[in-house]
Structure formats: structure tokens, C-alpha cells
1. Output the residues belonging to segment 1-29 that are surrounded by 15 or more Cβ atoms within 10 Å (Cβ to Cβ) and within 13 Å of the chain's Cα centre (by Cα).
2. Mind checking which residues of segment 35-84 are closer than 16 Å to residue 9 by Cβ and among the polar types (S, T, N, Q)?
3. Which of the following residues is more than 17 Å from residue 2 (Cα to Cα) and among the hydrophobic types (A, V, I, L, M, F, W, C): 53, 74?
4. Using the structure shown, decide if residue 67 is exposed (fewer than 13 other Cβ atoms within 10 Å of the Cβ) and in a helix (DSSP H, G or I).
Amino acid sequence: MNKIHNEPELVKKALQIGAVYAKKRGYGEIENEDSLKLKVEFVYRVLTEDKLIQPLAKDQISDPNMRHKLALWISRQLPADHPLLK
């Protein structure tokens, strides 16, 4: 797994966008009290359920791997000139 430039910031952006997407799709909302790990897993599960990202192999599911998948997903959604991609 290669480290992505600005990965923590990309994950944060992915959680913001993913939370809005999940709410619009009727999956529920992320609460402010939820832990970061729970937020990451929730958005990851929503995106894999809707087949927007390919799920990890069962033996590869972990918080760092889910964060990496979210960072990859959002980096492909953002415009090429977005500040997080530079």
C-alpha cells in the first residue's frame, strides 16, 4: 500500500463528502460523537455497498486500509487542480 500525498486531509474530505452521500441515499447520518474509526468504517461500507469502491479482501479489512481506500476514492472525485491533490 503506497502512501498518498495528503492522505489524512483526503480522508477528512472523503468523510465529509461520504457523509452527505450516505444521508442522501438514506443510510443515516454520522453523529459528531462518533469516533473517527466508526466514521471511516461507515463511509467505507456505504461506498462498497453502492459499488463506488471495490471492497477490500476480508483478511485485509483494517482501519488504515479503509482510510487508504477512502483517500483513493476522493482523490479520483476531486478536480485535477484541487489543492489537496498538489
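Laboratory data are not the source of any read-out in this text; all were calculated from the coordinates shown. All values derive from a computational prediction rather than experimental measurement. When we count neighbours, we look across all protein chains shown, and the Cβ atoms used for this are built from the backbone with ideal geometry, even at glycine.
1. Result: 7, 10, 11, 12, 13, 14, 15, 17, 18, 19, 21, 22.
2. The answer is 75, 77.
3. One residue alone meets the criteria, 53.
4. So residue 67 does not fit the description; no.
Let's see how each residue does on (1) among the β-branched types (Val, Ile, Thr); (2) at positive phi; (3) touching a residue at least 12 places away in the same chain (Cβ under 8 Å):
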| position | (1), (2), (3) |
| --- | --- |
| 7 | no, no, yes |
| 15 | no, no, yes |
| 22 | no, no, yes |
| 46 | yes, no, yes |
| 55 | no, no, no |
| 58 | no, no, no |
| 73 | no, no, yes |
